[in-house]
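Notes follow the structure.
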Amino acid sequence: MKGEGQPPKDPGGPAAEPPAPTPEPTGRQRLIEGLWPPRVSRAQLIVALLLFVLGLGLAIQVRSTSDNSALRGARQEDLVRILDELDDRTTRLEDEKQRLEDQRTELETSSDQAEEARRQTQEKERQLGILAGTVAAQGPGITLTIDDGSGAVEADMLLDAIQELRAAGAEAIQINDVRVVANSYFSGGDGDIEVDGKKVDAPYRFKVIGKPQDLEPALNIPGGVVQTLEKEQATATVARSEKIVVDALRPAERPDYARSSSQ
């Protein structure tokens, strides 16, 4: 028979080739796959953190040891200089601390100081006003009343009474309605007396602020004001009081030439 002994042909065409075998990874590839991506466990993370802290402590200790070694190797004069610089720095810091504390205290009390300065200024102004006769005053004192029916009282007799009262500590004086101050002057006589150019009539009534225990004896001393007036047929009466009001005022006058010398 024709064709006997030959293998039968595949009706589907040529036979397919078997797949190529997959190459095995090299050692380097296996190492890379084992390292990346990193797989860190919690225990490994804690160990790494502890190692970092230990290394940082060792580094600080080494640096401190190096500094101490540097000081141990320094010369004596260098150590003395370093100590002096530290002492100077400490002194400057203490001084600065004290200065700041003083400044704080000053700032805390500045309002009180300003109020105290204002109060003292007002008090000084009031005292000067009393002496100048520009403000009214009151306080303990005496009242001296001189009756001159015969008109024998002269201006110098009233001036003597003023001087005796001032010497005894009188702080404010008023005769009738005229305020008597340091530059007051008396003129006239025979019942026609003027004080600072203003006429005053008898009876002459002195209102005087001061210590009554000093003012009254000063007028009643032997040969004093009271006895002198009595010789001139005038009557002088002195009365103490716990409250004398001196309310006659003088205008505040600006000096023509005198000026304050304070800066």
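The values are calculated or read from the model by the stated rules, or taken from the named source; none is laboratory data. Predicted, not measured: the structure shown is a model, and the values here were computed from it. Cβ placement follows ideal geometry from the backbone for every residue including glycine, while neighbour counts extend to all protein chains displayed.
With the structure loaded, tell me whether Gly169 is more than 45 Å from the chain's Cα centre (by Cα) and modelled with pLDDT under 95 or whether it fails that test. The answer is no for Gly169.
The residue of the range 179-231 that is surrounded by the most Cβ atoms within 10 Å (Cβ to Cβ), among those that are without any contact (Cβ under 8 Å) to a residue 24 or more places away in the chain and polar (S, T, N, Q), is Ser184.
This table checks each residue for (1) at pLDDT below 85; (2) within 30 Å of Ala168 (Cβ to Cβ).
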position: Glu77; (1), (2): yes, no
position: Asp88; (1), (2): yes, no
position: Arg99; (1), (2): no, no
position: Gln103; (1), (2): yes, no
position: Leu107; (1), (2): yes, no
position: Asp112; (1), (2): yes, no
position: Glu115; (1), (2): yes, no
position: Glu123; (1), (2): no, yes
position: Gln127; (1), (2): no, yes
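Among the residues in the range 127-142, are any more than 17 Å from Asp247 (Cα to Cα) and in contact (Cβ under 8 Å) with a residue 40 or more places away in the chain? So far as the range 127-142 goes, no, none of its residues is more than 17 Å from Asp247 (Cα to Cα) and in contact (Cβ under 8 Å) with a residue 40 or more places away in the chain. For the range 179-192, a residue qualifies if it is in a loop (DSSP other than H, G, I, E, B) and more than 17 Å from Thr145 (Cα to Cα), and the qualifying residues are Val181, Ala182, Asn183, Ser184, Tyr185, Asp190.
Residues Asp156, Asp78: which one is among the charged types (D, E, K, R), over 40 Å from the mean Cα position of the chain (by Cα) and either outside any helix (DSSP H, G or I) or within 24 Å of Lys207 (Cβ to Cβ) (or both)? Step through it out loud before you land on a result.
Working: Asp78 fails: either outside any helix (DSSP H, G or I) or within 24 Å of Lys207 (Cβ to Cβ) (or both).
Just one listed residue meets the conditions, Asp156.
Table: residues versus (1) closer than 30 Å to Leu215 by Cα; (2) surrounded by fewer than 17 Cβ atoms within 10 Å (Cβ to Cβ); (3) out of contact with any Pro (no Cβ under 9 Å at 6 or more places or on another chain).
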{"position": "Thr91", "(1), (2), (3)": "no, yes, yes"}
{"position": "Asp102", "(1), (2), (3)": "no, yes, yes"}
{"position": "Gln120", "(1), (2), (3)": "yes, yes, yes"}
{"position": "Glu125", "(1), (2), (3)": "yes, yes, yes"}
{"position": "Leu131", "(1), (2), (3)": "yes, yes, yes"}
{"position": "Val135", "(1), (2), (3)": "yes, no, yes"}
{"position": "Glu164", "(1), (2), (3)": "yes, no, yes"}
{"position": "Ala172", "(1), (2), (3)": "yes, no, yes"}
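Scan Ala258, Ala170 and give me the residue that is touching a strand residue (DSSP E or B) at 6+ places or on another chain (Cβ under 8 Å) and among the aliphatic types (A, V, I, L, M). I'd like the intermediate steps shown before the answer.
Values: Ala258 fails: touching a strand residue (DSSP E or B) at 6+ places or on another chain (Cβ under 8 Å).
Every option except Ala170 fails the conditions.
Could you please let me know if Ala161 is within 35 Å of the chain's Cα centre (by Cα) and not hydroxyl-bearing (Ser, Thr, Tyr)? Taking the combined requirement at face value, the residue does not satisfy it.
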